[in-house]
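Comments concern the structure below.
The values are calculated or read from the model by the stated rules, or taken from the named source; none is laboratory data. Keep in mind it's a predicted model, so treat the numbers as computed, not measured. Neighbour counts are summed over all protein chains in view; Cβ atoms, including those assigned to glycine, are modelled from backbone coordinates with ideal geometry.
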Amino acid sequence: MLPMAGIEMPLKAVRSQISAAVNLIVQASRLQGRPRVDDVDHRNHRLEGDVISMQEIFRYQRVGLTP
């Protein structure tokens, strides 16, 4: 989105800004019309090179075919 706005920033600086702003990512979806949380990730307080380090806290796993 930054290039579309005409702002020139190095990719590492953009990733650093995102890493500083976002602490938790929650992925949600619907299962048979009901909302559910699929995945929760926590951002670690470091960048590994150009990659934002994340740690998975929770992942939904469906077991079996019936409720």
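Of the residues making up the range 1-30, those that are of a type in the set (A, V, I, L, M), without any contact (Cβ under 8 Å) to a residue 12 or more places away in the chain and part of a strand (DSSP E or B) number 1.
Scanning the range 13-65 for residues that are of a type in the set (Ser, Thr, Tyr) and loosely packed, with under 10 Cβ neighbours inside 10 Å returns no hits. Restricting attention to the range 16-27, does a residue exist that is on the phi > 0 side of the Ramachandran plot, out of contact with any Lys or Arg (no Cβ under 6 Å at 6 or more places or on another chain) and modelled with pLDDT under 85? The answer is no, given that none of the residues of the range 16-27 is on the phi > 0 side of the Ramachandran plot, out of contact with any Lys or Arg (no Cβ under 6 Å at 6 or more places or on another chain) and modelled with pLDDT under 85.
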